[in-house]
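Asker: The structure under discussion is supplied below as structure tokens; questions concerning it will follow.
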Amino acid sequence: MPDKYAEKQLQNYENAKCEAGKDDALYRLGTHLEVIPCNGNANLTQEQRDTILDAAKGKGDNHA
């Protein structure tokens, strides 16, 4: 069963016009997938961005 929230945030990320918008979508996705802490800080590092995108791509395979 697809995760509609994750799909929506990935779409928001892809459609974002600025880095802040992309980071906001990735922050929401990362906290939803529980791969980054939910601390209100959407200023992500490149490592965090990569971790979130990797987790989203492999969510169906190995999400705990």
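The values are calculated or read from the model by the stated rules, or taken from the named source; none is laboratory data. None of these values were measured; they are calculated from a predicted model. We place every Cβ from the backbone using ideal geometry, glycine too, and count neighbours over all the protein chains shown.
Asker: Quick one: which of ALA42, ALA20, ALA6, ALA16 is closer than 16 Å to ASP54 by Cβ and surrounded by 10 or more Cβ atoms within 10 Å (Cβ to Cβ)?
Answerer: ALA6
Asker: Of all residues in the range 3-41, which are within 12 Å of ALA56 (Cα to Cα) and not in a helix (DSSP H, G or I)?
Answerer: ASP3, LEU33, GLU34, VAL35
Asker: Further question: Condition check: within 12 Å of the chain's Cα centre (by Cα) and modelled with pLDDT under 95. Does ALA25 satisfy that?
Answerer: No: the conditions fail for ALA25.
Asker: Report, by residue number, each residue of the range 23-39 that is of a type in the set (Asp, Glu) and more than 14 Å from ALA55 (Cα to Cα). Working first, answer last.
Answerer: Initial filter on the range 23-39 (of a type in the set (Asp, Glu)): 23-24, 34.
ASP23, ASP24 - these are the residues of the range 23-39 that are of a type in the set (Asp, Glu) and more than 14 Å from ALA55 (Cα to Cα).
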